[in-house]
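Down below is the structure, laid out as C-alpha cells.
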There are 2 protein chains.
Amino acid sequence: MFQKIVIIGGLAGGLTAASWARRTSAEVSITVVERGLEVAYSECGLPYVLSGEIGSFEQLVRYTPQEFAARYNVELLTGHIAEAIDPRQGCVEVRSASGGSRVRLYYDQLIVATGASPAMPAVAGLNLAGVFALRHLPEARTIDFYLRNNRLRSAVVVGAGWLGLEMAEVLVARGLRVTIVERTSRLAGFSGEICSAILEELTAQGVRVCFESELLGIDGIAGTVSRVSTRSGEYDADIVFLATGVRPAVELARGAGLRLGAGGAIAVNERQMTSYPDIYAAGDCSEVYHIVLNRPVYLPLGTTANKQGRVAGINAAGGRAQFRGVVGTSALKVFSLEAATTGLSLEEALQAGYRASRIVKRSISRAGYYPGAERLIVEIVYDEATGRLLGCRMCGREAVAKRIDVAAAALYAKMRVDDLLQLDLSYAPPLAPVWEALLIAARSCH
Amino acid sequence: MFQKIVIIGGLAGGLTAASWARRTSAEVSITVVERGLEVAYSECGLPYVLSGEIGSFEQLVRYTPQEFAARYNVELLTGHIAEAIDPRQGCVEVRSASGGSRVRLYYDQLIVATGASPAMPAVAGLNLAGVFALRHLPEARTIDFYLRNNRLRSAVVVGAGWLGLEMAEVLVARGLRVTIVERTSRLAGFSGEICSAILEELTAQGVRVCFESELLGIDGIAGTVSRVSTRSGEYDADIVFLATGVRPAVELARGAGLRLGAGGAIAVNERQMTSYPDIYAAGDCSEVYHIVLNRPVYLPLGTTANKQGRVAGINAAGGRAQFRGVVGTSALKVFSLEAATTGLSLEEALQAGYRASRIVKRSISRAGYYPGAERLIVEIVYDEATGRLLGCRMCGREAVAKRIDVAAAALYAKMRVDDLLQLDLSYAPPLAPVWEALLIAARSCH
C-alpha cells in the first residue's frame, strides 16, 4: 500500500509541497484540495497586473489545474472546501463549493497550506462598495473591474506596508489621486533616512502620505464609499484599499487541535511538522523560525512559503529536509526606488535585548565616474557587545535587492561587522564601486 | 619625535595607505613618492574613457596631487623615482624623473605600493608603432591619441582576460573590426556555458574570437604594425593591443632583499607586513591570501589593492588592522552582458585536491512574468566529500555582479551547499524570482 498525502491549499505553499512530494516519491498518492478554481498563480504578481505592467492575470498562472495535475501526477480538487480535519481518524472532510455532500479524504500525511487572509480593521463601512482588500486572484479581478467601470478620482490606501505602497503605485498608474494613511510614522517598516527617501519618491509621484493616522471609519453615500476618517483628519475617497496586514488562516488547524504558535500561526518544527507528527504545515498559515531573534515569528512571505512547501512535501513523501528559518529579508520596489531589509531594525534589536547600535552611510551603485551611478543609503545595526551584525537596510535605484542578500548571508553565518569588512565583494566600474556600501558601513563600526 | 612614513606609489594601494595612515594618526609625517605626474586616479576606469562612455580622463582623477596633499596633510613627490630601498639604514633613495641628484628619504615605516606592469610576450615586433599595452594614464592618453590620429580599420587584441575583453569593447566602440586571439579556449577565465554566452555576445557585437591561438610574432611595414602571427593563423592588424596579464613590479623590493612569494609578488602577512617588520606592501606588487585555496596567490585587483592599502596604512601609523584575504571574486561587463566569479573553478578545485563537482543551472533575474526578466546562468562548484561550496560563477544581464556577492560571503563563511539553500534571499517580482539562481543550483546538489 502506497502512502496517501493530502494537501489543503493550491497556492505557493501547497503546490510547492505537492511538486516536491512527487519529486521525492513516484509512488505516493497526492491529493490537493483548493477552495478556488485557479491554482499555481503568483499572488505577489497581482499588483503588477492591476498597474498594467503585466498584460493579463493569465500571465501570473504557471499551470492550469489540469496541467499541474498531469505534470506532477496529482489529484487536484479545485472548488473544494476542506471543512474539518480529524487527526484521530486521519481524514479531512471536504465539500464542493458548488454544493453536494461532504466526502472524507483519508491521509497518511496531511499538509496544511491554508494561507492567510487580510486582517480587516475593526471599523464601520468595510462593506461599502469601493472598499477592497487584496489577497487572491478573484479579488484582484473584482478590483480591476471596479477600476475600469467607475469614474474614480481619489483613492485612499490604508496602511503603508509593502502591499499598501504597491497598491499606491497601482492606483497612481490608474490615474487616481492617492492618499496613504498610516498608523505609525514608518513606510514599509523603514524609519529614518530610508523612510525619508521612500517618502520623497512617493511625494514626487504625487502620492500624499499621512502618518500617525489611525483609521476610525469609512463613510459612504448610497452604499458607496466617499470618505475615510482617521485620527489625523478626513480624506475623500472614491475607492479605499485596505492594506492593514494579514492573519494566518488557521480555523481548520485550530479546529483540529493543532498547536498554534507565533502570531497565532500553526506551530511547526524545522521539518515543518505540526504538533501532530503526521500533519505538516507550510506557507502563510504557519510560523517561521527567525534566526537572528532565535525564536519563531509570524512573517508570511512568498519565498518562505516556497521553502516551507518544499520541505513539507519532501518530508511528507518520506524524504528528509529541513528549513532552518529566515533572517527577515524582504525587498520592495516603490516606483523607481528599491528598498530592502534583512535582520533586525535598531528598535527590534533593542527590544530583543541587544546592546544595539546603528550606522547609516551614503554610497553609490557604480564607480563614481561611471555614467548611471546611483546613490545608495545603507544602514547596519550591530551588537556593540559582540560586534555581531544584527540587521541591514538599503535603499536606492540599482541592484539594492540583490545587494541586501550579502547581508542576509552574513546574518545566517552570524558574522561580525569586522567580518563584513573582510568580504571580497565584486568590483567593476560599470557594476559596483571599489568600496561597496556595506563595506563603507562596516568600516565605520568600532 | 613623530614617526615618519614613506610610501612608494601614488595609485590605489599607496594613496589608500596614505589616507588611512592619516586617519589613524594626525601626527605621523607621510611622504608619498610617485613616478608619474598624476595620482589618485582609477586605472580600472581607463578603458571606459577610451570607449567614450566617460567623457574625459580627468573624470577618473579623484584628487590632483595638490588636493590630496592638502586634504591628508601628506608630502607628495610626483615625478620622483624610488631607485633603491636600504632596509638597514631605513631609507629610500629617490631621484627626480627630470634629472637632479639622488636624495635619501629616511623612514620609520615604509609602504611599498609599486603596482604591476604589463607582462609582455616574448615575441618580435613589440616596438612597432601601433602596438600597445595599457596600465597607466599616460599610456591611455597615447592610445587615445593614436586612435584619433590614424585611419585604422582592423585591431587585434592579444589575450581574452578581462582587460582584453574590455579593450575589444573599446575598439568596437571606436569603429574597428576586432579580432581577439587567445592562447586557451577560455574567455576571462570562464569555460563551459558561461564562456559560450560571452562568446555569443562578442560575436553578436562583431568581435571575432580565435581560441588556441598562441602569439608567435607581430609584423610591420615601415615600422608600423600590419599583422599578427599566431599558431592558428595570421591576422591583419592596424593596431595591436597586448592584454597578456601583468607582473608585480618588484625590482625595488627584490633589490632590498624583501622576501617574494606567490607569483613573484612581495610576500606579506595579514597585517600587510613584509619580511622586514618596518616595511609593508600593498596593492598589485603584493601577494594576497586566498581563503578557499588556503595559500597566498598573486591576484592583483582594484578592490584588493584598496583593502591592502587601508590595512598597511593603519598598521604603519601605529593602528591595528588585518586583511584576511580574498576568495577570488571579480566581475566584468562585456557589452550588455555581466559575468562574475568567486572562489574556484572546477579545474582549480580539482587541482587543489578537492573531490569537486559542478552544477550548472539556468534561471532568471526577476519573476518570470515580470517585464524585463533576463536569463541567468549560474554554476556552482562544491566538494562532494564535505558538501562545502568552493566556487560560483554567473552570467546574465541584470545584477549579476551583486548576485555573486552572496556566494562570496558564503565562501568566506565556509558554507556548505545545504547552507546556501537555507539562505533568506530577497524576493519581489520586479527585482528577483522566488527561487534565486543560487538556490536553484544549491537545490540540485546532493
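Annotations for the structure displayed:
- Residue list for the stretch B:71-106, filter: part of a strand (DSSP E or B) and of a type in the set (A, V, I, L, M, F, W, C): B:Leu76, B:Leu77, B:Ile81, B:Ala82, B:Ala84, B:Ile85, B:Cys91, B:Val92, B:Val94, B:Val103, B:Leu105
- Qualifying residue in the stretch B:377-384 (condition: out of contact with any helix residue (DSSP H, G or I) (no Cβ under 7 Å at 6 or more places or on another chain) and at the interface with chain A (Cβ under 10 Å from one of its Cβ atoms)): no
- Exclusive hit being farther than 21 Å from A:Ser426 by Cα and either facing another protein chain (nearest Cβ under 8 Å) or touching a residue at least 60 places away in the same chain (Cβ under 8 Å) (or both), set A:Leu390, A:Leu350: A:Leu390
- Test: residue in the stretch B:212-230 that is of a type in the set (D, E, K, R), under 20 Å from B:Ala305 (Cβ atoms) and not in a strand (DSSP E or B): no
- Residue match in the stretch B:6-17 (condition: surrounded by fewer than 20 Cβ atoms within 10 Å (Cβ to Cβ), more than 10 Å from chain A (Cβ to nearest Cβ) and modelled with pLDDT of 95 or more): no
- Scan of the stretch A:335-388 for residues that are acidic (Asp, Glu) and buried (at least 17 other Cβ atoms within 10 Å of the Cβ), ordered by number: A:Glu338, A:Glu348, A:Glu379, A:Asp383
- The number of residues in the stretch A:174-192 that are buried (at least 16 other Cβ atoms within 10 Å of the Cβ) and more than 22 Å from the chain's Cα centre (by Cα) comes to 5.
- Failed criterion for B:Arg355 (all others in (1) in contact (Cβ under 8 Å) with a residue 40 or more places away in the chain; (2) of a type in the set (Lys, Arg); (3) more than 13 Å from chain A (Cβ to nearest Cβ) hold): (1)
- Checking each residue in the stretch B:420-435 for being more than 13 Å from A:Leu301 (Cα to Cα), assigned to a loop (DSSP other than H, G, I, E, B) and at the interface with chain A (Cβ under 7 Å from one of its Cβ atoms) picks out B:Gln422, B:Leu423, B:Pro430, B:Leu431.
- Of residues in the stretch B:143-184 being assigned to a loop (DSSP other than H, G, I, E, B) and among the small types (Gly, Ala, Ser), the one farthest from B:Leu332 (Cα to Cα): B:Gly175
- Cross-chain or 6+ apart pairs with Cβ under 8 Å, the stretch B:273-299 first and surrounded by 24 or more Cβ atoms within 10 Å (Cβ to Cβ), then assigned to a strand (DSSP E or B) and of a type in the set (Phe, Trp, Tyr): B:Thr274/B:Tyr280
- Strands (runs of 3 or more DSSP E) contained entirely in the stretch B:274-385, each with at least 3 residues that are more than 14 Å from the chain's Cα centre (by Cα) and not assigned by TED's automatic domain parsing to the domain that holds B:Gly14: B:337-343, B:356-364, B:375-383
- Top-ranked residue in the stretch A:1-45 [being in a helix (DSSP H, G or I) and among the basic types (Lys, Arg); ranked as nearest to A:Glu93 (Cα to Cα)]: A:Arg22
- Count of the stretch B:312-338 residues which are facing another protein chain (nearest Cβ under 10 Å) and under 20 Å from B:Arg393 (Cβ atoms): 10
- Checked against the criteria, B:Gly309 does not count as buried (at least 19 other Cβ atoms within 10 Å of the Cβ), closer than 13 Å to B:Ala116 by Cβ, in contact (Cβ under 8 Å) with a residue 60 or more places away in the chain and within 14 Å of another protein chain (Cβ to nearest Cβ).
- Of the residues making up the stretch A:262-272, those that are surrounded by 24 or more Cβ atoms within 10 Å (Cβ to Cβ) and either among the polar types (S, T, N, Q) or in contact (Cβ under 8 Å) with a residue 60 or more places away in the chain (or both) are A:Ile266, A:Gln272.
The values are calculated or read from the model by the stated rules, or taken from the named source; none is laboratory data. This one's a predicted model, so the numbers in the text were calculated from it and none came from an experiment. Methodologically, a virtual Cβ is constructed for each residue, glycine included, from the backbone with ideal geometry; neighbour enumeration extends over all protein chains shown.
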